[in-house]
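Structure record follows, encoded as structure tokens.
What follows draws every value from the coordinates through simple rules; no lab data is involved. Model, not experiment: these values are computed from the prediction. For neighbour counting, all protein chains shown are included, and Cβ atoms are generated from backbone atoms with ideal geometry for every residue, glycine included.
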Amino acid sequence: MRPTFHIMTFGCQMNANDADWLARTLIQRGFVPSPLEEAELVILNTCSVREKPERKVYSSLGRIARATRHNAKTFVAIAGCVAQQLGKRIFDNFPQVRLVVGSDGLSFVPDAIERLRAEPVLRLCFTDFSDSYIERPLEITLHSRPVKPAAFVNIMQGCDNFCAYCIVPLTRGRPKSRSSGAVLSECRTWLEAGAKEITLLGQNVNAYGQDLAYGASFTDLLRCVAALPGLARLRFITPHPKDVSPLLIRAFGEIEQLCPRLHLPLQAGSNRVLERMGRKYDRTQYLGLIRELRAVRPDMAFSTDIITGFPGEEEEDFQDTLSIVEEVSFMSSFSFCYSDRPGTAAERLPDKVDATLKLERLARLQALQERISVAWLQKRIGDNSVLLLEGASRKNFGVGETWQGRDPYGVPVNITLSAGDGKIGDLLPVRVTEAKKHSLRAVLA
Ligand code: 5AD
Ligand code: SF4
């Protein structure tokens, strides 16, 4: 019987992409994906960026233990940021856990799993940081399942900005850029396999190359990726405003494949809070970037991340956040209440904001954002756009087949097509006919 596995993943797109790579690699090695109850190997890919992540890990481990109690052979591998933080300590209370692997250890997982299966009392832990990006064998795994039209490619990992609230520099280590040759070769492989869109991933993508001896630049990398045959759309997450260079702004006006959407984390609208956060830009500089990007690309839309209730945040500071959100008119935003992360500078700051107040501010911010997002979607009605078809829609509108795709802004769009009018990976010209709360409807143009 072939061994079975189940992956549970939390957190950012990099984690999701790591989980995808692991799944492909395990399938390549003869493993079969299964429901949790039937899994011999369970991989828990963790995130520690916000709110009680350890507790989430412990409750997931409890759930795994209950679901697999009839199977004495089942063991658990923990990966990601919480694994990096806790290391071997996880072994103490959780007998099912036999592999702990931090941010730089993912490439060792497939071999480690084979060893653990062969040696039933062994336990392994890989939490050392590496000095450079560790490559993983992509090619052999690519054909193990159909390729999605939108691919994700890591270009770097780690961060050394040490924003006061952020645990990432402690869990992912210093920035490690991948060589541009390796990035391009992975992109080429995805495109040859049928992908049309590529999103470049990293904790601080636009600092790409600064740690490499030969000083590659992010904008050069974008130009090289954009020149690859078959690429229709190019995106990247997550950039830092302080590293948005004039060259990058110019690239938005020149590289046709770059989508007119930028996720640019703001975190706060008040200069005093930005300074305490150690973000290294102020309100005027952030607004300047938005203005310059709109000047080279008038159809540009922005999304962002915002924290409410950072230590010392007063009502007046929060008003600055509300006003900048109005001024930029973000198409969407992710917003969170500040929470202390262990070992960060903000953990040690005085003037912590009361939990109720943080939540109240979050609710006010989200109400404002919702109003702006709904208006942004409404304004799109009547627009001509292009849809990248990703698959059947969960919604069904009665006549014909309903498909879902994404527009250049990454917004989900539903469309009803007659048989033969479209297949996964097609780029279809459409006209937007209706706006829902978080999606659009369209017809063929
Ligand atoms: N508290 C609240 N939100 C946080 N983020 C990062 N650290 C914290 C924290 N300690 C948010 C930031 C970041 C996003 C990924 O998570 O907004 O951009
Ligand atoms: Fe965290 Fe700041 Fe690095 Fe982003 S840039 S990962 S918020 S430390």
Projected onto the charge dipole of the chain (unit charges on the beta-carbon of Lys, Arg, Asp and Glu, signs +1, +1, -1, -1), the Cα from Leu266, Ala118, Gly278 with the largest positive-side position is that of Ala118
Where does each of Asp104, Asp111 land when they are ranked from fewest to most other beta-carbon atoms within 10 angstrom? Asp111, Asp104
Please report the spacing between the Cα centers of the range 307-382 and the range 151-166 in Å, no decimals. 21
Strictly over 30 Å apart at the Cα level, which of Lys52/Lys88; Lys176/Lys242; Lys88/Lys148; Lys196/Lys437; Lys88/Lys196; Lys379/Lys423 would you flag in this model? Lys88/Lys148; Lys88/Lys196
Within a 10 angstrom radius of the beta carbon, how do Lys88, Lys358, Lys437 rank from fewest other beta carbons to most? Lys437, Lys88, Lys358
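Dipole of the chain, Cα-centred, from +1 at each Lys and Arg C-beta and -1 at each Asp and Glu C-beta, to the nearest 20 debye?
On the way: 57 positive and 51 negative charges, 183 e Å.
My answer is approximately 880 debye.
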Where a ≥ b ≥ c are the square roots of the eigenvalues of the C-alpha gyration tensor, would you call the range 13-63 rounded, which needs a/c under 1.5, or, failing that, prolate if a/b is larger than b/c, or oblate? oblate
What helix-only [θ] at 222 nm does the chain give? Using -39500 (n - 2.57) per DSSP H run of at least 4, over all residues, to the nearest 500, the answer is -10500 deg cm²/dmol
Where is the GNM fluctuation largest for the chain (alpha-carbon springs, 10 angstrom cutoff): Asp160, Asp383, Asp305? Asp383
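Give me the percent relative contact order of the range 1-101, please, defined on Cα pairs under 8 angstrom at least 6 residues apart. If you can, show how the numbers build up before the last one.
Numbers: 156 pairs, mean separation 27.5, N = 101.
Result for the range 1-101 is 27 percent.
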When the expected Rg is taken as 2.2 N^0.38 Å, what fraction or multiple of it is the alpha-carbon Rg of the range 1-160? 0.99
May I have the extent of the alpha carbons of the range 291-445 along their three principal axes, as whole Å values ordered from largest to smallest? 63, 33, 25
Which of Arg178, Arg371, Arg272 moves the most in a Gaussian network model of the chain with Cα springs under 10 Å? Arg371
Let's see if you can work this out: charge +1 on each Lys and Arg Cβ, -1 on each Asp and Glu Cβ, no other charges. What is the dipole magnitude of the range 143-255 about its Cα centre, in debye to the nearest 20? 240
Count the DSSP beta bridges whose two residues both fall in the chain, then state the antiparallel fraction as a percent rounded to the nearest 5. 35
Per residue and in cubic angstrom, what volume does the convex hull of the Cα atoms of the chain have? 160
Between the alpha carbon centres of the range 54-126 and the range 3-44 the gap in Å comes to 13
For the chain, Cys with no neighbouring Cys Cβ under 4.7 Å: Cys12, Cys47, Cys81, Cys125, Cys159, Cys187, Cys224, Cys259, Cys337
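Which of Met156, Met14, Met1 comes first, and how do the rest follow, when ranked by fewest Cβ neighbours within 10 Å?
Working: Met156 28, Met14 21, Met1 5.
In order of increasing Cβ crowding within 10 Å: Met1, Met14, Met156.
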Largest first and in whole Å, what are the equivalent-ellipsoid semi-axes of the range 139-220 based on the Cα gyration tensor, each being the root of 5 times an eigenvalue? 27, 15, 10
Can you give me the three principal axis dimensions of the range 330-406 from its C-alpha atoms, in Å, biggest first? 59, 26, 22
Once the convex hull of the C-alpha atoms of the range 34-112 is built, how many Å³ does it hold per residue, rounded to a whole number? 92
